[in-house]
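Working notes for the structure below.
The values are calculated or read from the model by the stated rules, or taken from the named source; none is laboratory data. This is a predicted model, so every value here is computed, not measured. Don't worry about glycine lacking a Cβ; one is built from the backbone with ideal geometry, like all the others, and counts go over all protein chains shown. Only protein heavy atoms, including side chains, enter the accessible area calculation; ligands, DNA and RNA are left aside. Shrake-Rupley method; radii C 1.70, N 1.55, O 1.52, S 1.80 Å.
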Amino acid sequence: MGVSTSRPDKGIALVTVDFPPVNALPVQGWYDLADAVRAAGRDRENRCVVLTAEGRGFNAGVDLKEMQREHDSVTRTGTGTGTGSHTGTGHTTLIGANHGCAEAFAAVYECEVPVVAAVGGFCLGGGIGLVGNADAIVAAEDATFGLPELDRGALGAATHLARLVPQHLMRALYYTSRTVTAAELHAHGSVWRVVPRAGLLDAALELAREIARKDGSLIRLAKAAINGIDPVDVRRSYRFEQGFTFEASLSGVADRVRAGFGKERPA
């Protein structure tokens, strides 16, 4: 369980996430993922990184249970369970998740070599942040993508969803918390290939091998050049969004929405 790195082929690093049962990452998991991707990019032997996950889905976002445990602890005892300067505030995990997600998303975007995301099953919340910042996406036929943030008392990653679909579709998906399929994203040009689930990793590695055949120094220059002409500063844009997530938490809106998560809302 956790984040692991292997080298399935020359010039390719495979970073695998495994946090059962649904790959909802705890705070430390986001930092571990960021460290793994950055380390793979720094390794001069690598010319491409493939990011994938074990289990039912690619990523279910932040571990809300970890956040709820801290909330319950503060409510019960009046003291937080986390460490650091925010201990006792009840927001330690929220702050940690905010920073951890920002670092993981940035690590994918800033990785010194191209990152190919191999997505199977659900890709939700933080998963959109990862694939939206990847250089290419290969998806299984059963893959679904979406931001259920408004249903979970949070905001964020519209920055990254906007890299996958047109602006007005992004807004409609964000406001409704609906998902889209791999086939739909392929039609929009943001998914490279859609393949059967059993062939997902092979298809991603096929693309990675094609990239890895390029000169190692040149592919790193190409990555830096493409990032440099990007019209949106994705790190700054996402951090702007996160400010509203924190405001929702401080105002009590987030707790109210999370308390009703999974329950039918009144009209």
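Of note:
- Kirkwood radius, the chain, all distinct C-alpha pairs, inverse of mean reciprocal distance: 18.8 Å.
- Taking the 1.4 Å solvent-accessible surface of the range 107-228 as the whole, the part contributed by carbon and sulfur is 57%.
- Each label was represented as a point 7 Å from its Cα along the Cα-to-Cβ direction; for ARG213 and ASP43 these points are 2.2 nm apart.
- Segment HIS99-THR5, extension gain: residue separation times 0.36 nm, minus the distance between their alpha carbons: 31.6 nm
- Note on the chain: helix-only mean residue ellipticity at 222 nm, from DSSP H runs of 4+ residues weighted -39500 (n - 2.57) and normalised by residue number, equals -15000 deg cm²/dmol.
- Where PHE240, PHE105, PHE122 fall by accessible area, highest first, once all protein chains stay in place (1.4 Å): PHE240, PHE122, PHE105
- SER217, SER249, reordered so the largest accessible area comes first (probe 1.4 Å): SER217, SER249
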